[in-house]
Structure formats: C-alpha cells, structure tokens
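Inspection log for the structure reproduced underneath, given as structure tokens.
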C-alpha cells in the first residue's frame with residue numbers, strides 16, 4: 001500500500017514538475033521575445049529619425065549612421081523600398097539580396113501593422129526575429145525600415161535556463177519524493193499496525209491490543225478496534241466454553257448423535273455414533289449425505305417423513321431399526337432456528353443388549369418354569385400315590401421315597417443355582433462381593449478331595465499338575481470353589497469309565513491359566529458356542545439323569561466376568577474336552 005501511494009505521489013509530482021518546466025520554458029521564451037521585439041522596435045524608430053528625406057533614404061551616407069545603430073544594438077538593419085527591393089543592409093550587399101516584397105514583415109509594414117515575425121533566414125542561415133515599419137517623410141511615403149536579430153543567443157540562453165530548471169526541478173523532485181516517502185510511511189505505519197492487529201484478531205488471538213493512540217481519526221479507529229477486540233474476546237470465550245461443554249457432552253454421551261442439514265448432509269457426528277454404526281474413525285463423513293454413510297432404506301424413510309412436514313410443525317419421529325447386526329431406537333427431531341427448520345438431529349440408542357436381555361429373561365422364565373415344573377410334578381405324583389395307599393410293597397415305597405428325595409435335592413440345587421445367577425446378574429452385588437488372595441492350587445485340591453467319591457464311582461483318575469511358582473489370585477473364595485466344582489464335576493459326569501480328569505495350572509506373563517480336561521464324550525462343534533447359555537444342554541436326557549440344572553456353565557462364565565476373567569473351550573466328539581480359564585495374577 002505504501003509503495004502504491006508513493007508511486008502515485010511521485011507520478012503526480014513528476015507530471016507537475018514537467019508541466020512547470022514546460023510553462024517556465026515557454027513563459028521565458030515569450031518574455032524574451034517581447035524584450036527583443038521592443039529592442040527591434042526601438043531600433044526601427046531610431047533609424048527612422050535619422051532619415052528626414054527621400055534622398056537620405058537612398059543616400060550612401062546614411063549607411064554609416066545606420067551601421068552605428070546596428071553595431072550598438074547588435075541587430076541587422078535593412079532598408080527596403082516600396083517595391084520590395086533592398087536599398088541597404090548592414091550585414092550583406094544589397095545587390096545580392098533578392099526582392100523582399102513577399103516577406104511577412106514587409107507585408108505587415110505595408111498594411112501599417114507593426115508585428116514581429118520569426119523565421120529562418122536563408123541569407124544568414126539563422127533563425128531571426130523581424131520587425132518592419134513603413135516610414136513617411138515630408139516627401140511622402142519613402143520605404144520600409146526592417147530590424148532583425150539572431151535568435152541563436154536566445155536559444156542558448158533558453159537551453160541553459162532549461163537545463164538549470166530541469167536540474168533544480170530534478171533535485172526538487174527527489175527531495176519531494178523522499179519527503180513524501182517519509183510522510184506516507186509515518187501515516188501508513190499505524191495503518192499497517194492496524195492491519196497486523198486485525199489479522200491477529202482474525203487468527204484467534206483475542207488478547208492482542210494496540211498501544212499507539214494518536215489524537216486523530218487513526219487514534220479513534222485504534223480505540224474502536226481495541227473495544228471490538230474486548231467484545232470479541234468476551235464473546236469467543238463464552239462461545240469456546242459452550243463449545244467445550246457441548247463437545248464434552250457429545251464425547252461422553254452413550255447415545256449416538258448425528259446432525260444433518262436440510263439436504264441430509266452430515267454436519268456433526270460424535271464418537272458413539274461412529275462406534276455404533278461401525279464407521280472407521282479415520283473416515284471423514286462430514287458434509288456427506290447420511291444415506292451414503294448409512295445405507296439403510298428404513299432410515300431414509302424416517303428422514304423423508306420428517307422432512308416432509310411443514311416448518312411450523314415441531315415434531316419428532318421415533319422408530320426401532322435394525323442396522324447391521326444391531327437394533328437401534330432412532331429419534332429424529334427438527335432443529336428450529338428463528339422459526340425456520342435449519343436441520344435435523346438424529347439420536348441413536350443401541351438397544352441390542354436390552355432386547356437380548358428381554359429375550360433371555362423371557363427364555364429364562366420359561367426355562368425356570370419348565371425346570372421347576374418337572375420335579376414338582378414328579379414329587380406331587382409320587383406323594384399322591386403314597387397318600388392313596390396304593391403302594392403296599394415296602395421296596396417300591398422306599399424307591400418312591402428315594403425318587404422324591406432325589407427330585408427334592410434337584411429342586412433345591414436348581415433354586416440355589418437360580419439364586420446364584422440372580423445375584424451375579426445384579427451389578428450392585430458385584431461391588432459388595434468379598435474378595436481375597438487365594439492359592440489356586442490349594443483350593444483346587446480341596447475341590448478334588450470333595451469330588452473323589454463321585455470320580456471313584458466311574459473309576460476315574462484325578463490329576464493336578466501345577467508349576468512350582470504359581471501366583472496367587474484375588475477372588476471370592478466361595479465362588480472360586482463353586483466354579484471349579486462345576487467344571488470338574490462336569491468333567492467327571494461326561495467322562496467314560498476308567499478315564500482321567502486332569503487340571504493343569506501354570507503362569508503365562510501376568511496371567512494364571514487353569515485347564516480342566518477330560519477324555520470323555522466331547523461336545524459337537526455346532527453346540528460349542530451355546531454351552532454357556534442358561535439351561536442349554538447338549539444331551540438333555542443324560543444331563544437330567546446326571547442331576548444337572550443346565551445353569552452350571554452359565555454360572556461359571558458369570559463368575560469369571562465379575563472377576564475380570566475369561567473362559568474358552570475346545571472339544572472333539574469321543575476324544576474329550578478342555579476348558580481353559582484365564583485370570584489376572586494378584
């Protein structure tokens with residue numbers, strides 16, 4: 001900006017200086033011409049006074065007087081008769097000069113006009129100024145007196161003057177340019193500071209302030225900009241705080257949030273929505289159409305339905321949709337700004353787990369009802385038979401009593417397992433659960449001791465293989481015992497006679513690994529992923545005969561989940577099964 005202004009000023013000054021030079025040149029030349037014209041007129045008048053008669057005009061004696069006047073004035077004087085013939089000339093021979101009748105100054109003199117003429121003289125080969133005057137004496141009109149002077153000296157003077165003027169004006173122009181540059185710079189510096197200040201404010205540096213205050217319009221502008229910066233800082237601080245709060249809320253909210261504009265282009269999406277919809281975190285979906293990101297026809301219908309309503313109707317659209325493998329409760333509502341719908345908010349709530357839990361709860365209630373009904377019906381039937389006295393044989397009666405006792409034990413075991421599952425399902429109970437450091441080898445040997453009679457019935461071997469330095473674990477003692485009882489008991493139940501149940505205990509990095517293996521009947525591959533479900537039995541008939549409730553492995557998995565553990569299973573039909581538990585070492 002400074003350079004542009006300086007160039008404009010220098011251009012203006014240059015034009016002004018040039019115009020002044022031209023004006024000075026022509027003014028000086030005209031002034032010189034006027035002076036020369038007066039001198040020539042004076043010379044003509046002097047000569048005319050020397051000539052008093054016609055004879056004197058043509059007399060050779062008059063030539064000496066005229067030459068004296070010419071030498072004194074440094075002019076050329078010529079006498080011309082009325083026919084244009086040269087009578088006398090102070091510098092050249094009159095006989096050698098041609099007729100001058102057609103000369104402009106001669107014509108002017110004949111007309112009685114005293115006017116200077118400037119032209120190139122062929123006789124002297126110089127630029128000359130001429131003045132001619134017709135003289136009248138006592139004898140009548142005699143002739144014309146012409147006085148002329150060379151303009152070469154005038155040209156030299158004017159050229160020298162012009163050179164001097166150009167030199168002075170050049171120096172003046174340089175000084176003026178330097179002074180202008182200084183003045184412009186002094187004026188532009190605060191403007192440049194204001195521009196830098198404005199850029200910093202535009203770049204987000206709202207704490208920047210200007211300190212130069214002049215008592216002029218720029219100073220007033222500076223104070224106004226500082227006041228504007230104060231207002232902007234306050235406004236953006238409030239906006240930043242609100243944005244931080246909103247970002248924190250959106251980041252930590254469980255539900256997915258998507259904001260779209262009137263053209264269904266995504267304007268904002270939080271991390272929860274990314275995770276729910278399995279969108280890669282490095283993919284930028286902002287400004288893309290939501291149908292392009294989430295290819296679901298039902299969602300498109302929901303968006304279309306709500307965008308089809310008039311803007312003055314405030315409403316929302318809620319529906320459950322299946323997207324991928326998950327179930328979402330989706331709510332779409334309008335974004336109203338100054339009574340105008342500027343976009344829509346889509347809220348996604350993943351209810352997959354809720355629906356699964358509802359389904360599991362229904363199945364659980366149905367299974368519990370079925371599992372309870374069977375032993376209760378059996379007990380009731382045997383009791384009614386005994387009560388009616390229809391059994392007189394003591395051996396049969398004792399067998400009935402034994403069946404009633406077994407069904408009662410099974411019923412008690414089922415109720416206990418149901419209560420255990422209910423306790424483990426309640427998250428509030430997990431926080432109050434007592435945990436302590438346990439030696440897993442000792443606890444497993446205790447379980448082996450309790451189950452050896454059951455193993456002996458099938459002539460099974462029971463082995464525990466443990467490393468020398470097995471770490472302790474932090475666990476609830478009763479639940480650890482119950483977990484191992486269920487796993488080892490299952491291994492005994494489903495092992496063939498004369499088989500072996502082996503428990504391996506080892507450490508891997510910071511984890512404790514417990515493996516319970518048998519060489520029993522195994523589990524079909526199609527059932528492996530379901531064996532931890534409640535009341536799921538691979539062989540329902542045999543499981544009931546063995547007294548199983550169908551909750552053993554589900555309880556094991558829940559116990560491990562409450563203790564940050566994991567369980568995996570590998571099995572081959574007719575070769576055996578291996579359950580692998582992974583726990584954190586204490």
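Here, each number is a calculation from the coordinates, and none is a lab measurement. Computed from a prediction, not measured in an experiment: that's the story for all the values here. Cβ atoms come from the backbone with ideal geometry, glycine included; neighbour counts cover every protein chain shown.
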Practice item. Mind pulling the angle between the C-alpha long axis of helix 217-252 and the longest principal axis of the chain? Nearest 10 degrees, somewhere in 0 to 90. Key: 20 degrees
Revision key, fill the gap. Cα-based Rg/(2.2 N^0.38 Å) for the range 84-148, rounded to two decimals, is 1.10
**Study point:** Rounded Å value of the spacing that divides the Cα centres of the range 48-95 and the range 220-281
**Key:** 107 Å
**Study point:** Length added when fully stretched, residue 189-residue 301, from 0.36 nm per residue minus Cα-Cα
**Key:** 34.2 nm
Review point. Across bins of 5 angstrom width beginning at 0, how are the C-alpha pair distances of the range 99-240 distributed, in whole percent?
Key: 2, 8, 10, 9, 7, 6, 5, 4, 4, 4, 4, 4, 4, 5, 5, 5, 5, 4, 3, 2, 1, 0, 0
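Using Cα pairs closer than 8 Å and at least 6 residues apart in sequence, work out the relative contact order for the chain, in percent.
Rounded, it is 7 percent for the chain.
Assuming 0.36 nm per residue, please report the length gained on full extension of the stretch residue 289 to residue 3 beyond their Cα-Cα distance.
Values: separation 286, 0.36 × 286 = 102.96 nm, distance 4.94 nm.
My answer for the length gained is 98.0 nm.
Compute and list, largest first, the equivalent-ellipsoid semi-axes of the range 253-348 from the alpha carbon gyration tensor, each √(5λ) rounded to a whole angstrom.
Values: eigenvalues 92, 44, 28 Å².
Working through the eigenvalues yields semi-axes of 21, 15, 12 Å.
Rg to Rh for the range 1-95: what is it, with Cα atoms only and Rh by Kirkwood?
Numbers: Rg = 24.3 Å, Rh = 17.1 Å.
Reported Rg/Rh (Cα atoms, Kirkwood Rh): 1.42.
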Check your understanding: Angle, helix 352-387 long axis vs. longest principal axis of the chain, Cα atoms, 0 to 90°, nearest 10?
Key -> 10 degrees
Study note, to complete from the structure: To the nearest 10 degrees, the tilt of helix 2-50 (Cα long axis) against the first principal axis of the alpha carbons of the chain is 0 degrees
**Study point:** Virtual spin-label span in nm between residue 94 and residue 23, 7 Å along Cα→Cβ
**Key:** 4.9 nm
Point to revise | FRET efficiency for residue 504 and residue 249, using Cβ-Cβ distance with R0 set to 51 Å, rounded to 0.05 | key: 0.55
**Study point:** Virtual paramagnetic centre 7 Å along Cα→Cβ of residue 171, amide N under 19 Å, in the range 1-43
**Key:** 14, 17-18, 20-22, 24-25
Revision key, fill the gap. Inter-part gap, Cα centre of the range 430-509 to Cα centre of the range 375-426, in whole angstrom, is 29 Å
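FRET efficiency for residue 121 and residue 14, Cβ-Cβ distance as r, R0 = 51 Å, nearest 0.05?
Values: r = 38 Å, r/R0 = 0.75.
So the FRET efficiency works out to roughly 0.85.
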Exercise for review: Provide the packing ranking of 278-290, 521-533, 439-451, i.e. peptides ordered by the mean count of other C-beta atoms within 10 Å per residue, highest first.
Suggested key: 439-451, 521-533, 278-290
Review point. If you average the sequence gap of Cα pairs under 8 Å that are 6 or more apart and divide by the length of the range 253-348, what percent do you get for the contact order?
Key: 30 percent
Review point. Calculated FRET efficiency, residue 179 and residue 211, Cβ-Cβ r, R0 30 Å, to nearest 0.05?
Key: 0.60
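Which value, in nm² and rounded to one decimal, describes the direction-averaged projected area of the C-alpha convex hull of the range 205-249? All intermediate terms of the calculation are to be shown ahead of the outcome.
Working: hull surface 12.5 nm².
About 3.1 nm², averaged over all directions.
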Check your understanding: Relative to the present Cα-Cα distance, how much length would full extension add between residue 265 and residue 68 at 0.36 nm per residue of separation?
Key -> 60.0 nm
Study note, to complete from the structure: Between the alpha carbon centres of the range 97-176 and the range 552-580 the gap in Å comes to 131 Å
**Study point:** Convex hull (Cα only) mean projected area of the range 436-540, reported in nm² to one decimal
**Key:** 7.6 nm²
Point to revise | Over the chain: helical MRE at 222 nm, DSSP H runs n ≥ 4 each giving -39500 (n - 2.57), nearest 500 | key: -18000 deg cm²/dmol
Check your understanding: Could you work out Rg/(2.2 N^0.38 Å) for the chain, with Rg from alpha carbons only?
Key -> 2.51
